[in-house]
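Single-structure report; data block below.
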Number of protein chains: 2
Amino acid sequence: MTTMNRQARLAARPTGMPKHSDWKFVDEPVPELKDGELLVKVTHISLDPAMRGWMNEGKSYIRPVAIDEVMRAGGAGRVAASKNPAFKEGEEVAGNFGVQQYAVSDGKGVRKVDTKFAPLERYLGALGMPGMTAYFGLLDIGKPKAGETVVVSGAAGAVGAVVGQIAKIKGCRVVGIAGGADKCAYLKELGFDAAIDYKAGDLKAALKAECPDGIHVYFDNVGGEILDAALARIALRARIIICGAISQYNNTTPVKGPSNYLSLLVNRASMTGMVVFDHAERYGEAAKEMAGWIAAGKLHAREDVVKGSIDTFPETLLRLFKGENFGKLVLAI
Amino acid sequence: MTTMNRQARLAARPTGMPKHSDWKFVDEPVPELKDGELLVKVTHISLDPAMRGWMNEGKSYIRPVAIDEVMRAGGAGRVAASKNPAFKEGEEVAGNFGVQQYAVSDGKGVRKVDTKFAPLERYLGALGMPGMTAYFGLLDIGKPKAGETVVVSGAAGAVGAVVGQIAKIKGCRVVGIAGGADKCAYLKELGFDAAIDYKAGDLKAALKAECPDGIHVYFDNVGGEILDAALARIALRARIIICGAISQYNNTTPVKGPSNYLSLLVNRASMTGMVVFDHAERYGEAAKEMAGWIAAGKLHAREDVVKGSIDTFPETLLRLFKGENFGKLVLAI
């Protein structure tokens with residue numbers, strides 16, 4: 001009997017929030033493996049803000065997903081068959097598997113994971129790309145020094161929560177910005193010095209109160225008004241890391257540029273963009289250090305695992321843009 | 001007979017373009033010098049875009065000029081009397097003398113200049129703060145490498161013209177953006193590889209045509225739409241220097257933030273603010289190198305010396321914001 005592989009493919013380039021009709025669902029037979037290939041039965045699909053960007057036409061840091069192509073996504077699962085000597089049937093792996101039930105891979109970018117150390121979904125979060133993004137963005141670009149104030153937006157998200165915890169490990173004062181009292185309470189549990197609920201009112205006043213010495217490092221995941229409020233509060237020679245801009249991804253109007261950008265001049269500060277893939281050569285080193293922090297109880301992670309299927313991918317993805325997820329959003333199929 | 005000193009003082013904080021009523025003119029007697037002081041008869045007053053910012057209330061990189069205070073300005077002139085052993089009557093000097101006929105100084109920040117080497121006004125331009133700004137902004141922050149493309153806005157201005165010429169000395173392809181055919185012709189005379197007249201039409205298309213490999217270093221003096229157009233054309237790992245934003249200084253609406261700032265992320269690029277005073281310790285080193293380039297005919301300078309008086313300062317200043325000056329704007333009194 002032929003095994004069928006259900007896939008979510010991009011049907012149309014969305015305007016604003018992706019609609020159900022921007023997707024189509026296709027069943028195709030799992031192909032015969034060639035030499036060097038392995039077949040992965042995908043059990044966990046990573047849902048990330050960056051996916052919205054991959055759906056757009058135009059030059060970016062990675063080519064857009066083509067119309068009719070299986071949607072690009074990180075994922076994790078189990079090797080179902082292998083003609084690649086580096087992988088054995090039954091091994092657990094993470095990689096770029098796409099939104100589908102089965103992925104055929106030549107092994108490139110596929111890494112083995114250890115579910116005795118951490119649950120599979122964590123390798124899509126703190127021990128995966130979001131964790132790497134936090135690690136390299138904060139440490140290599142932000143270069144926080146002990147005693148400095150680090151502010152992170154999207155602080156309860158997959159990247160933000162790790163940024164804040166690493167900043168604490170490095171001896172900084174850490175202020176997280178998140179939406180809602182629950183998320184803010186979670187940040188305090190993680191050891192953040194302060195948590196600001198941007199939905200609760202005057203963000204600028206709150207930043208002023210919580211950052212009496214100004215902001216030395218600002219890690220931005222959201223853009224828009226929050227970036228502007230942070231710019232208004234940066235310290236001399238502050239470093240701003242532009243990691244994402246989730247508030248702007250579904251805009252149907254032009255992106256809101258930061259009106260307060262001249263604060264960079266006043267404060268001799270810098271704003272630098274980052275893409276995690278640039279640091280691929282050092283993923284191993286970072287993963288080892290992060291695993292050490294997790295084992296030592298210094299770095300905690302939370303995943304929001306939504307049970308579903310390939311067909312529930314579209315609505316699950318939207319939870320990200322509505323701020324409904326709490327921790328790293330993963331679709332378990 | 002008491003010598004009188006006519007001064008332009010700030011009467012009110014301007015909204016938008018400074019009006020004549022934002023100034024007042026005061027005559028006061030030149031005071032007796034105390035030990036350690038010198039008296040400078042000011043002959044040249046430097047008019048700089050940054051002056052507009054000094055007129056505003058609020059935290060910036062330097063304290064605002066107070067209401068009723070003599071307007072802050074760079075200047076040059078001759079020592080009229082001295083009780084400071086480091087300065088002799090008759091010596092020519094440049095410093096922060098304010099918009100007035102006579103300045104009393106303790107000698108701090110006053111430097112002697114050599115008018116056999118260059119005319120006095122040049123020590124307010126290429127051999128003064130604008131030259132230092134160009135030197136440190138381009139070399140220390142922009143770090144251009146031979147073969148890279150450097151774009152500068154406000155390219156026919158005091159800072160921009162020096163930026164472009166230093167970039168040529170460093171072996172870069174240099175593209176200047178300026179307003180009007182005359183200014184663009186001047187840039188070609190200075191050796192710029194290309195000059196774009198932003199008033200002539202499609203700036204984005206022109207940048208695309210003139211920067212086939214993208215922009216590696218963008219030195220921004222103007223902000224607004226021009227900054228956005230440059231952001232849309234930056235190369236991987238581009239460096240943007242935020243030196244000023246003359247297009248925004250007289251806004252009565254909020255500053256236009258750069259809508260294309262996410263190009264920093266896509267291109268792993270950085271945008272960094274600079275203030276020349278931070279480099280004061282190295283002015284001597286830079287001035288020496290710049291003088292060498294001038295002597296070797298590699299660095300040309302042009303000043304727009306407007307003859308007038310303290311009373312014509314207000315309208316002369318406005319020439320900057322209307323783009324009417326051609327080269328470093330200096331008021332000779």
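The values are calculated or read from the model by the stated rules, or taken from the named source; none is laboratory data. The structure presented is a predicted model; accordingly, all values stated were derived computationally and were not measured. Every residue, glycine as well, gets a Cβ built from its backbone with ideal geometry; the counts of neighbours run over all protein chains shown.
Points to keep in mind about this one:
- Some residue of the stretch A:217-236 being touching a His at 6+ places or on another chain (Cβ under 8 Å) and touching a residue at least 40 places away in the same chain (Cβ under 8 Å): yes
- Screening the stretch B:1-59 for residues that are among the acidic types (Asp, Glu) and not in a loop (DSSP other than H, G, I, E, B) and picking the one that is surrounded by the most Cβ atoms within 10 Å (Cβ to Cβ) gives B:22.
- Residue that is modelled with the lowest pLDDT [pool: residues in the stretch A:78-111 that are under 19 Å from the mean Cα position of the chain (by Cα) and part of a strand (DSSP E or B)]: A:111
- Members of the stretch B:61-96 found to be among the aromatic types (Phe, Trp, Tyr) and closer than 21 Å to residue B:18 by Cα, listed by number: B:61
- Qualifying residue in the stretch B:247-265 (condition: within 13 Å of chain A (Cβ to nearest Cβ) and part of a strand (DSSP E or B)): no
- So residue A:97, is it touching a strand residue (DSSP E or B) at 6+ places or on another chain (Cβ under 6 Å) and in contact (Cβ under 8 Å) with a residue 40 or more places away in the chain: yes
- Residues that are more than 15 Å from the chain's Cα centre (by Cα) and among the small types (Gly, Ala, Ser) within the stretch A:40-75 comprise A:58, A:60, A:66, listed in sequence order.
- From the options B:263, B:309, residue that is more than 15 Å from the chain's Cα centre (by Cα), surrounded by fewer than 19 Cβ atoms within 10 Å (Cβ to Cβ) and among the polar types (S, T, N, Q): B:309
- Qualifying residue in the stretch B:219-234 (condition: surrounded by fewer than 19 Cβ atoms within 10 Å (Cβ to Cβ), within 11 Å of another protein chain (Cβ to nearest Cβ), more than 28 Å from residue B:54 (Cα to Cα) and modelled with pLDDT of 95 or more): yes
- One residue alone among B:116, B:188 is at pLDDT below 95 and either aliphatic (A, V, I, L, M) or surrounded by fewer than 20 Cβ atoms within 10 Å (Cβ to Cβ) (or both), and that residue is B:116.
- Filtering the stretch B:298-313 to residues that are of a type outside the set (Asp, Glu) and farther than 17 Å from residue B:42 by Cα leaves B:298, B:299, B:300, B:301, B:302.
- If the condition is being within 14 Å of chain A (Cβ to nearest Cβ) and free of Cβ contacts under 8 Å to residues at least 40 places away in the same chain, then the stretch B:279-290 contributes only B:280.
- Considering the stretch A:139-161, the residues that are surrounded by 24 or more Cβ atoms within 10 Å (Cβ to Cβ) and farther than 20 Å from residue A:210 by Cα include one that is farthest from the chain's Cα centre (by Cα), namely A:157.
- Yes/no for residue A:295 being modelled with pLDDT of 95 or more, more than 23 Å from residue A:19 (Cα to Cα), out of contact with any helix residue (DSSP H, G or I) (no Cβ under 6 Å at 6 or more places or on another chain) and outside the structural domain of residue A:101 (by TED's automatic domain parsing): no
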